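Encoded as structure tokens, the structure appears first; notes follow it.
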Amino acid sequence: MPGSVLKAGARRLIFENSPRIFIISLVYVTLVAVVSWLSFRLPGTINIQDIYSRLLSGELPGLGILYTDFRPIGLFFAFLLVLFQPVLDFGFLSYCLKTSRKQKTDFFDLFNGFLFFVKVILLFLLIMIFTLLWSVLLIVPGIVASYRYRLAYYILLDDPTKGALQCIAESKLLMHGKKVDLLTIDLSFLGWFILDYIVLFAIPFSFAIPIISIWLAPYFGLTIAAFYEEQVANLAV
């Protein structure tokens, strides 16, 4: 099924489930933003925004800033916060998959990832490690690997009894011969993501940030959920 058809179906589901879907999307986007903001502002972590501002002004931060800001305890808690990102993402994927299947959804679907916290984190770490190992060879193999594992979280959603390695193996099976199709879908959203980042960095605290994000999050999430559903259906044939 062409990506344009999947995206049209996602838009239809958004309007059928509005305004509730926008409220849930806003909560998700806000939680992710708060976790991201805190992870770089704990005592002992490097202020990424400060370094970014210095780079924009033409100043190259020296090693002194790294030494001054480095505190092991701060980095430890920042790492714990970073681990909440895949858990929050897993919850939003759960909501999108249920919405795509027209199943009953609930606000607390956003927190489904905490029910399987260990498995979600393990899956996240394994995917990251495998992708990095492939990236050591060249950039392209790393990109291919990332697409190979893209559906692993959905497989875990459908059957939480499966192990992380099994989800990765089944994702590789579902994505066989479909990586270019998913890449095409991702590229079709590129303009939206660029706009989102431009607004984020150019207009801090603008109302445009949540407006773009609360539309883009379910739009992209429902499209990929529909893509997953299609691959599962094709495998069953």
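Numbers at a glance
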read-out: Net charge of neighbours whose Cβ lies under 12 Å from the Cβ of residue 172, counting Lys and Arg as +1 and Asp and Glu as -1; value: +3
read-out: Efficiency of FRET between residue 103 and residue 133 - r from beta-carbon atoms, R0 45 angstrom, step 0.05; value: 0.80
read-out: Förster radius 30 Å - calculated FRET efficiency between residue 15 and residue 140 (Cβ-Cβ, nearest 0.05); value: 0.20
read-out: Descending principal axes extents, segment 84-237, alpha-carbon based, whole Å; value: 43, 42, 32
read-out: Stretchable slack from residue 1 to residue 159, in nm (0.36 nm times residue separation minus alpha-carbon distance); value: 54.4 nm
read-out: Restricting segment 81-171 to trypsin sites (Lys or Arg not before Pro) in coil, as DSSP defines it, with at most 13 other Cβ within 10 Å; value: 101, 102, 104
read-out: By average C-beta atoms within 10 angstrom, highest first, the peptides 21-34, 81-94; value: 81-94, 21-34
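Taken together, the values in this text are just the output of simple stated rules run on the coordinates, not laboratory data. Note that the coordinates shown come from a computational prediction; the quantities given were computed from them, not determined experimentally. Virtual Cβ from ideal backbone geometry, glycine too; neighbours counted across all protein chains shown.
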